[in-house]
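S.K.: Got a structure for you, questions after.
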Amino acid sequence: MTMKIAGCDLGKASASFVIANVGDDGTVTVEDTQYVLHEGDPVGRFSDWYRDNDIASCAALAATGVHADELSGPVLVLPEDSCQEAALELSPELEDALNLVSIGARGYGVLCRRPSETKGGPARNGGTPTHLYQYLENDKCSSGTGENIQKITDRFGLGIEDADRMALSAEDGIPITARCSVFAKSEMTHFANQGKPTAELFKGYFGSVARNTYSLSTRNRVDGPVYLIGGPSRIQSFRRAFEELLGEPVKIPPFAECFEAAGAAAIAVQQAKSAQLEALPDDPAVLIRATEGQFQTLQPASGWKDHVNIMSEPEVPAGAAQEPSVLGLDLGSTGAKAVLTSIETGELVLDVYDSTRGNPVDAARRLVRTLLDTVKPDVRAIGVTGSGREAVATLLRAVFPFNENIVVLNEIVAHATAATRCDEDGGADLSVIEIGGQDAKYMRVQGGRIVESDMNKACSAGTGSFLEEQANLYDVENIEEFISLASSAKRPPDLGMMCTVFVADAAALAIKEGFKRADIFAGFQYSVIHNYLNRVKGQRTLGSRVFFQGKPASNPSLAWTLAAVTGAEIVVPPNPGAMGAWGIGLCATEQIGKEILTAEPALELEGILAADITERSEFRCQDAKCQTLCPIERTTIKVGDVIRKAVSGGACP
């Protein structure tokens, strides 16, 4: 007697459905498949399919996917990798050793199988186990997932099919790093604003998605063909780039669009044979869980206000900026800072801020121009730090070829030095948490020395750029308004601590549940702090005193949130966004010596402005071990007869 079985996959963006018949000999025959974009209503699409196809008459129903747990009762809820294994076993003609690459809306994974040499692995049609499986996934980052592809094409006013056609028409692609979906979007927008062809941008972008996918596949690959499933598998330009990396064509398995649903149905067959299952109801509403609010409400961070010490800025004596000083420059990925540090007292006497705008050499020149327009400084040495330090050092060495008072150090040393200076215990046992625009750092200082440090530049989670982007998305262009709203939150929702794109999606759902904008902003801040602690600090313990630095630290409510999550007493130093520039000034003073600096003549900073920028060009980093393909800018500087080339950019510290 034929038995009717059904399976469904309720994914983030799409839903797929399978109806199968099971013959007397146990053979499973797929009779009907459906694939739909559910437009945010997966349960509604499930209910329509259930009624239209009389699923109540099935002997069993199994479900998988991110929304499968919204179903209850006799529905079997299954993990996706188990469904993939079962779907492969439905097709005995497939190779024994193979690799299955799946790309969904929220993540991608690789399932490899090989012939079983021992008892283990799933049985084929109830027989002897034949295969061993291993599954690896990337579900913590949205970069290269179907949902993010959709968002980026939407940003350019295109459908995915349109973007694919344009990419296929381009002879060359502009490589996009795609190390983070937020950074990839910013990079593509930056190139588009420069007038780069959209077709070349998408050819490069789909190529970067292929590189991400290939990188994961190499970690979990067996000697066999590669099969591809998931919505992005239909993007031809992605497939071509992926095949070029593999060195072989990819294959599409049977039931590709409904693969996990077919596997769910196959598992339901085994359950129906081995157990007496409860009959399915006529009305699908019986199977749908009554959902309560899915977000846990966190405590308002304002409750930890008393655990944050925001140090007041010391009064600067009149005329201090004209006294002998060291110019500290901190050229970060998004922000650029200049600080005058008194040689005599070591105090910060003047600071200037500008955005880097992708070119640290230009940013340094703008900072110097602003400085000279503000005061007539007496600068005896220049210290440079930040990701753009080497490029700016090239400029300075061209302008001051015979001067040895140019000090270049990384930002870890600069930030730790400034924090130690502010610490009343002189860095006896100090943790420094620094959150920047596109990176974040952790430093531990003991006995005045750095004993450990770490840095994250590959993900926007845990950085200030995410907060800025979300503020703009909610029509808040003034950061002070964002701070005011976040500070007033009463019910911050827990939006998670994974990829910022997923956090932003969670925020949209929280809005529908009635959370106010102020609560959402506070929830974002909780996510940033959790991400920082998870990705940068990790398992390290905090010191007896914790300093919070970087421009985002000037937001009091973010400091309160750090205190709330860590339970630690937090110190925010004066002018936290300038700590790197001040710290490098202190380092230069210590390295050269006060007496030597006091005896040195003043540097003619006007020479920095007089230098000619004769050429600008761009190339891609070709580090074979990295394959991020970061854009690197080359700037040609001419000072008199001296010509030097400065390079800047890239994700490496």
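S.K.: Lys645 to Arg155: FRET efficiency via 1/(1 + (r/R0)^6), r the Cβ-Cβ distance, R0 35 Å, to the nearest 0.05?
M.R.: Calculated value: 0.55.
S.K.: Give, in nm to one decimal, the length gained when the segment between Arg449 and Ala285 is fully stretched (0.36 nm per residue of separation minus the Cα-Cα distance).
M.R.: 52.7 nm
S.K.: Could you sort Thr33, Thr2 by accessible area so the largest value comes first, with the probe set to 1.4 Å?
M.R.: Reading off the accessible areas and sorting them downward yields Thr2, Thr33.
S.K.: Could you give me D for region 1-119, from Stokes-Einstein at 4 °C and 1.567 mPa s, where the hydrodynamic radius is the Kirkwood radius over C-alpha pairs? Units µm² s⁻¹, please.
M.R.: Rounded to a whole number, D works out at 83 µm²/s.
S.K.: Rg and Dmax of the chain over Cα atoms: what are they, in angstrom?
M.R.: 29.1, 101
S.K.: Once the principal axes of the Cα atoms of region 379-530 are found, what is the range along each, listed largest first in whole angstroms?
M.R.: Answer, in whole Å and largest first: 64, 37, 26 Å.
S.K.: By how many degrees, 0 to 90 and rounded to 10, does the Cα axis of helix 198-218 deviate from the longest principal axis of the chain?
M.R.: Long axis of 198-218 versus the principal axis of the chain: about 70 degrees.
S.K.: Over the chain, with the other protein chains present, what is the accessible area per residue in square angstrom, probe 1.4 angstrom?
M.R.: 43
S.K.: Right, another one. Plugging the Kirkwood radius over Cα pairs into Stokes-Einstein for region 14-53, at a temperature of 10 °C and a viscosity of 1.306 mPa s, what D comes out in µm²/s?
M.R.: 141
S.K.: Continuing with this model, one more query. Where a ≥ b ≥ c are the square roots of the eigenvalues of the C-alpha gyration tensor, would you call region 233-344 rounded, which needs a/c under 1.5, or, failing that, prolate if a/b is larger than b/c, or oblate?
M.R.: oblate
S.K.: Express in Å², to the nearest 10, the accessible area of Lys594 obtained by rolling a 1.4 Å probe over the protein heavy atoms while all chains stay in place.
M.R.: 110
S.K.: How long, wide and thick is region 242-302, going by the Cα atoms along their three principal axes, in whole angstroms, largest first?
M.R.: Computed over the Cα atoms, the extents are 54, 51, 21 Å.
S.K.: Quick one: if you stick a label point 7 Å off each Cα along the C-beta vector at Glu95 and Lys490, how many nm between them?
M.R.: 6.2
S.K.: May I ask for the equivalent-ellipsoid semi-axes of region 323-396, computed as the square root of five times each C-alpha gyration tensor eigenvalue and listed largest first in whole Å?
M.R.: In descending order, the three semi-axes are 20, 12, 10 Å.
S.K.: Further question: Of the DSSP beta bridges with both residues in the chain, give the percent that are antiparallel, rounding to the nearest 5.
M.R.: Of those bridges, close to 70 percent are antiparallel.
S.K.: Which angle from 0 to 90°, rounded to the nearest 10, does the C-alpha axis of helix 411-422 make with the longest principal axis of the chain?
M.R.: 60
S.K.: Same structure, new question: Using mean Cβ contacts within 10 Å as the protection proxy, how do 253-263, 483-493 order, highest first?
M.R.: 253-263, 483-493
S.K.: Continuing with the same structure: Can you tell me the 0 to 90 degree angle between the C-alpha axis of helix 160-169 and the longest principal axis of the chain, rounded to 10?
M.R.: That helix lies at roughly 70 degrees to the long axis.
S.K.: Counting helices only, and only those DSSP H runs with n ≥ 4, report the 222 nm mean residue ellipticity of the chain as the sum of -39,500 (n - 2.57) divided by its residues, in deg cm²/dmol to the nearest 500.
M.R.: Helix contribution divided over all residues of the chain: -10500 deg cm²/dmol.
S.K.: How many Å³ per residue does the convex hull of the Cα positions in region 507-562 occupy?
M.R.: Cα convex hull per residue, to the nearest whole number: 102 Å³.
S.K.: What does the C-alpha gyration tensor say about the overall shape of region 300-359? Classify as rounded when a/c is under 1.5, otherwise prolate if a/b is larger than b/c, or oblate.
M.R.: Oblate.
S.K.: Using bins 5 angstrom wide from zero, how does P(r) for region 476-592 break down, in % of all Cα pairs?
M.R.: 2, 11, 17, 20, 20, 13, 8, 4, 2, 1, 1, 0
S.K.: Now, a different point. Using C-alpha positions alone, give me the convex hull volume of region 267-419 per residue in cubic angstrom.
M.R.: 284
S.K.: Would you compute the Debye intensity of region 571-624 from its alpha-carbon atoms alone, equal scatterers and no solvent, and pass along log10 I(q)/I(0) at q = 0.14, 0.20, 0.24 Å⁻¹ to two decimals?
M.R.: Debye intensities relative to I(0), on a log10 scale: -0.78, -0.92, -0.97.
S.K.: Hey, rough spin-label estimate for Glu244 and Leu136, points 7 angstrom out along Cα→Cβ, what's it come to in nanometres?
M.R.: 2.3
S.K.: What do you get for Rg/Rh of region 147-303 when both radii come from the Cα atoms and Rh is the Kirkwood radius?
M.R.: Here Rg/Rh amounts to 1.12.
S.K.: Between Asp69 and Asp25, 0.36 nm times their residue separation minus their Cα-Cα distance comes to what?
M.R.: Length gained, Asp69 through Asp25: 12.6 nm.
S.K.: Check each of the trypsin sites (Lys or Arg not before Pro) in region 226-319 and keep only those in coil by DSSP with at most 14 other C-beta atoms within 10 angstrom; list them in order.
M.R.: Those satisfying the criteria are Arg289.
S.K.: If you take the square roots of the eigenvalues of the alpha-carbon gyration tensor of region 369-453 and sort them as a ≥ b ≥ c, do you get rounded (a/c under 1.5), prolate (a/b over b/c) or oblate?
M.R.: Because a/c hits 1.5 or more and a/b exceeds b/c, region 369-453 counts as prolate.
S.K.: On the accessible surface of the chain, probed at 1.4 Å, how many percent belong to carbon and sulfur atoms?
M.R.: So the carbon and sulfur contribution to the accessible surface is 47 percent.
S.K.: Sticking with this structure for a sec: Could you order Thr27, Thr561, Thr189 so the one with the most accessible surface comes first? Probe is 1.4 Å.
M.R.: Ranking Thr27, Thr561, Thr189 by accessible area, largest first, yields Thr27, Thr189, Thr561.
S.K.: Another question about this same structure. Let me understand region 405-477 better: what is its radius of gyration from the alpha carbons, and its Dmax, in angstrom?
M.R.: Rg and Dmax of region 405-477, Cα atoms, are 15.2, 47 Å.
S.K.: In whole angstrom, how long is each semi-axis of the equivalent ellipsoid of region 197-287, when you take the square root of 5 times every eigenvalue of its Cα gyration tensor and sort them from largest down?
M.R.: Working through the eigenvalues yields semi-axes of 38, 18, 10 Å.
S.K.: If I take R0 = 35 Å and measure r between the Cβ atoms of Glu513 and Lys251 in this structure, what FRET efficiency does the formula 1/(1 + (r/R0)^6) give, to the nearest 0.05?
M.R.: The calculated FRET efficiency here is 0.25.
The values are calculated or read from the model by the stated rules, or taken from the named source; none is laboratory data. Since we're looking at a predicted model, the values are computed, not measured. With ideal geometry, Cβ positions are generated from the backbone for all residues, glycine too; neighbour counts draw on all protein chains shown. Keep in mind that these areas ignore ligands, DNA and RNA; they rest on the heavy atoms of the full protein, side chains included. Shrake-Rupley method; radii C 1.70, N 1.55, O 1.52, S 1.80 Å.
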